[in-house]
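What follows is calculated from the coordinates using simple rules that are stated; it is not laboratory data. All values derive from a computational prediction rather than experimental measurement. Note that each Cβ is placed from the backbone with ideal geometry, even for glycine, and that neighbours are counted across all protein chains shown.
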Amino acid sequence: MSKNTEKIGEIESNLHQTMRFGTKAIHAGIEPDPSTGAIMTPIYQTSTYVQSAPGQHQGYEYARTQNPTRHVLEKNLAALENGTDAICFASGLAAMDAVIKLLKSGDEIISCNDLYGGSYRQIVRVYEKFGLKSKFVDMSDMKSLEKEITPATKLFWIETPTNPMLNLVDIEQICKLAKKHNILTCVDNTFASPYLQNPLDMGADMVLHSATKYLGGHSDVIHGCVVVKTDELSKQLHFIQNASGAVPAPQDCFLILRGIKTLHLRVHRACKNAKKIAKFLENHPKIDKIYYPGLKSHPHHELAAKQMRKFGAMLSFDLKGGSVEDAYKVLSGTKVFALAESLGGVESLIGHPASMTHASIPKAERMKVGLTDSLIRLSVGVEDIEDLIADLEQALALVEIKEVKKEKKQKIEKQADTIVAV
Ligand code: P1T
């Protein structure tokens, strides 16, 4: 790197530190295209770059290793999470895969016991056979967490808020504990988005996003990233990015860059809608339990108020009676909320974690954290709140709350168990 480039990098990084979030989302790391003045970052749809002589190039050799569209996105993401760098991948799980590859056989990961089913599946079903050990524990209890640490423990995998039970982990406390034992920390910040929470500021080493969700925001792309605090982690993860090769396509990087420009507006509105829906459900006679950190009744409400700027737009609930049949009626009965996997898009989604996003977690494990077969999850979008509430109201009117007979409940649960995990 020339002295001049280093200087420009330093000025840019100082500028990003003084920008507020909305300005960073739109401008950080983004310059008009130098060859045409195009204000939007071009999609550099190329696999390679011409060299004038061997090794004589303009910083780009081969598109698995470097791509200008991806490079701009990485600078923008680093600024949003107050990191030194970001490393982009083809999906959230590909980003996680790269983080786990920082470890070696015999090392141990301690993770929260309530997390996205695909993350659990990767740790257990992909990496255990390579000799990585894992434990899934309640990360809100620091004392018992510290007892689980062994000399082999090398990574804390932290999801907060968790998917789908909306539990919180105290990032500052857990990162202090990790530092004491020389353990790396990676916080999956997908449910919050960088608009609501910046784990690197609270001591984390890495932040992961399934950019498929709030960062993209329009349900049209699969993408993932890791944002890091140190140059050393940046170097190691860029090495894995290139050596393992799970890179995102330039068109997908463009879509994430475009999505980020309205991240603050979308998440702001979605949080407002979610709060109103949570209040509506809390007072609804057919609802048994509601999980939303914005409600005072939520066990981690105060922690949420401390470490998040707003309470998010994800919530889960259980109907009175806990019948899977009733849950299915609501899941199939909404007209504005679409029944689908995923979250964080402008459109509201309704989902059934037990058979959809969390089917790869054994039922006994799910039940320990309250993830019942009748739990319903909402990803609240940015539509008009009156329409969202009216939709839930009419779907809830389809169920008549009663205790279902035991054999019938088992039959329905068996049916839910046969659905293939994503
Ligand atoms: O789908 P992908 O981009 O690979 O991201 C995986 C992922 C990682 N972390 C969290 C917290 C997630 O929620 C996800 C994906 N989740 C869903 C598809 C879902 O509907 O919950």
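In square nanometres, what is one fourth of the surface area of the convex hull spanned by the alpha carbons of the chain?
Details: hull surface 86.9 nm².
With every direction weighted equally, the projected area is 21.7 nm².
How much length is gained if the chain between residue 284 and residue 18 is pulled fully straight, taking 0.36 nm per residue apart and subtracting their Cα-Cα distance, in nm to one decimal? Provide the component values of the computation, followed by the final result.
Details: separation 266, 0.36 × 266 = 95.76 nm, distance 4.46 nm.
Extra length available between residue 284 and residue 18 comes to 91.3 nm.
Can you compute the charge dipole magnitude of the stretch 40-168 about its Cα centre, using +1 on each Lys and Arg Cβ and -1 on each Asp and Glu Cβ, nothing else charged? Give it in debye, rounded to the nearest 20. Before the final figure, lay out each step's value.
Numbers: 13 positive and 14 negative charges, 76 e Å.
The dipole magnitude comes to about 360 debye.
How big is the dipole moment of the chain about its Cα centre under a simple scheme where the beta carbon of each Lys and Arg is +1, that of each Asp and Glu is -1, and everything else is neutral? Debye, nearest 20, please.
Numbers: 51 positive and 49 negative charges, 119 e Å.
Using only the charged Cβ atoms, the result is roughly 580 debye.
According to a simple spin-label model (label point 7 Å from Cα along Cα-to-Cβ), what is the distance in nm between residue 129 and residue 265?
My value for the distance between the label points is 4.7 nm.
Trypsin sites (Lys or Arg not before Pro) within the stretch 253-341: which are DSSP loop residues with at most 11 other Cβ atoms inside 10 Å?
Listed in order of number, the matching sites are 296, 335.
Show me 150-159, 349-358, 126-135 ranked by packing, highest mean number of other Cβ atoms within 10 Å first. Each step should come with its number before you reach the end.
Numbers: 150-159: 19.5, 349-358: 23.3, 126-135: 14.6.
My ranking of the peptides, most packed first, is 349-358, 150-159, 126-135.
Please arrange 190, 160 by how many other C-beta atoms lie within 10 Å of their C-beta, fewest to most. Write down the numbers at each step before the final one.
Details: 190 25, 160 30.
Fewest-to-most ranking of 190, 160: 190, 160.
Under the 0.36 nm per residue contour assumption, what length would be gained going from the current alpha-carbon distance of residue 301 and residue 201 to full extension?
Answer, rounded to one decimal: 34.0 nm.
Fully extended, how many nm does the chain gain between residue 47 and residue 218 (0.36 nm per residue separation, minus their Cα-Cα distance)? Write out the running numbers ahead of the final one.
Details: separation 171, 0.36 × 171 = 61.56 nm, distance 2.66 nm.
That works out to 58.9 nm of additional length.
Report, in listed order, any pair from 235/261; 176/272; 129/310; 75/101 with a Cα-Cα distance greater than 30 Å.
Where the Cα-Cα span goes over 30 Å, the pairs concerned are 176/272; 129/310.
For n ≥ 4 DSSP H runs only, could you compute -39500 (n - 2.57) per run for the chain, divide by its residues and tell me the 222 nm figure to the nearest 500? Kindly include the intermediate steps, with their values, before the conclusion.
Working: 15 runs with 159 residues, N = 422.
Computed ellipticity for the chain at 222 nm equals -11500 deg cm²/dmol.
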